[in-house]
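Accompanying notes for the structure given below.
Read-outs: derived from the displayed coordinates by stated rules, not from any lab. Since this is a predicted model, take the numbers as computed values, not measurements. Here the Cβ is made from the backbone with ideal geometry for all residues, glycine too, and neighbour counts use every protein chain on show.
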Amino acid sequence: GLAIAGALERTTGLRAAIKWPNDVIINDRKVSGVLVETRSVGHAMNAVVLGAGINLHWRSSELPAEIAESATSIAQELELSGRGRVPPRAELLAAVLGDLEGLYDDLGSRSGRVRIIERATARSSILGGEVTVRFADGSSISGVAASLGHDGALVLDDGTVVDSGEILRIRPIA
């Protein structure tokens, strides 16, 4: 998400944020989603598979009704802002891969991992807001999104650490 947000911002001029754990948003609407799957044997991680999608050319009239209120595209946001052009796919992909390579290099050191969390914190759309997180088993928890842990987990104001889940609701604290 961090690589995509940075690449989108540089190639379009649009401000991109991260909605923990895996969405990239522009103007509070999802423009990209990231999925990461790991394979491990015992304590050793053998492989990481990363998948991402970025909505480039959809116009508001083309969005399926069930996501029209929550999703957007680069073309739509550029049209609304009255500036810029949709970057060619190859240009955007090169920018994402360049950022991803830098992030991958940062994963190799403690100070690099700290920088990643700092950058993700700065781009977070949920920190400081009241959130409801739904878990895979259907249960949920609510609280104030206080910080990101050293490993990227969401930490709520009561100290609860959330490793994975879906943010259902975000409400800014007045």
Residue 124 long-range amide H proximity, modeled H, under 5 Å:
18
Out of 47, 145, 16, a Gaussian network model of the chain with alpha-carbon springs under 10 Å gives the largest mean-square fluctuation to 47
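Please compute the contact order of the chain in relative form: average sequence separation of alpha-carbon pairs under 8 Å and at least six residues apart, divided by the residue count, as a percent. Could the numbers behind the result be given before it?
Numbers: 288 pairs, mean separation 32.9, N = 174.
Relative contact order comes out at 19 percent.
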How large is ³J(HN,Hα) for each residue in the range 79-93, as worked out from phi by the Karplus curve 6.51 cos²θ - 1.76 cosθ + 1.60 (θ = phi - 60°), to whole Hz, x for Gly and Pro?
5, 5, 7, x, 8, x, 9, 6, x, x, 3, 4, 5, 5, 4
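Using a Förster radius of 45 Å, what is the FRET efficiency between residue 85 and residue 136 based on their Cβ-Cβ separation? Nearest 0.05, please. Could you put the intermediate results ahead of the total?
Working: r = 40 Å, r/R0 = 0.88.
Here the calculated transfer efficiency is 0.70.
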From the phi angles alone, apply the Karplus equation (6.51, -1.76, 1.60; θ = phi - 60°) to the range 156-171 and give each ³J(HN,Hα) in whole Hz, x where the residue is Gly or Pro.
8, 4, 8, x, 4, 9, 10, 7, 7, x, 10, 6, 8, 8, 10, 10
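If we sort 39-45, 62-68 on the protection proxy, mean other Cβ atoms within 10 Å, highest first, what's the order?
On the way: 39-45: 7.9, 62-68: 11.1.
Averaged packing, sorted descending, gives the order 62-68, 39-45.
Over all distinct alpha-carbon pairs, what is the Kirkwood Rh of the chain in angstrom? Walk me through the intermediate numbers first.
Details: mean 1/r = 0.0580 Å⁻¹.
When all Cα pairs of the chain are included, the Kirkwood radius is 17.2 Å.
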Between 141, 26, 117, where does the largest GNM mean-square fluctuation fall for the chain, given springs only between Cα atoms within less than 10 Å?
141
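Given an 8 Å cut-off on Cα distances and at least 6 residues of separation, report the relative contact order of the range 112-174 as a percent.
Numbers: 103 pairs, mean separation 21.6, N = 63.
Result for the range 112-174 is 34 percent.
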Step through the residues of the range 38-54 one at a time and calculate ³J(HN,Hα) from phi using the Karplus curve (6.51 cos²θ - 1.76 cosθ + 1.60, θ = phi - 60°), rounding each to whole Hz and writing x for Gly and Pro.
10, 10, 9, 10, x, 9, 9, 7, 8, 7, 10, 10, 10, x, 8, x, 10
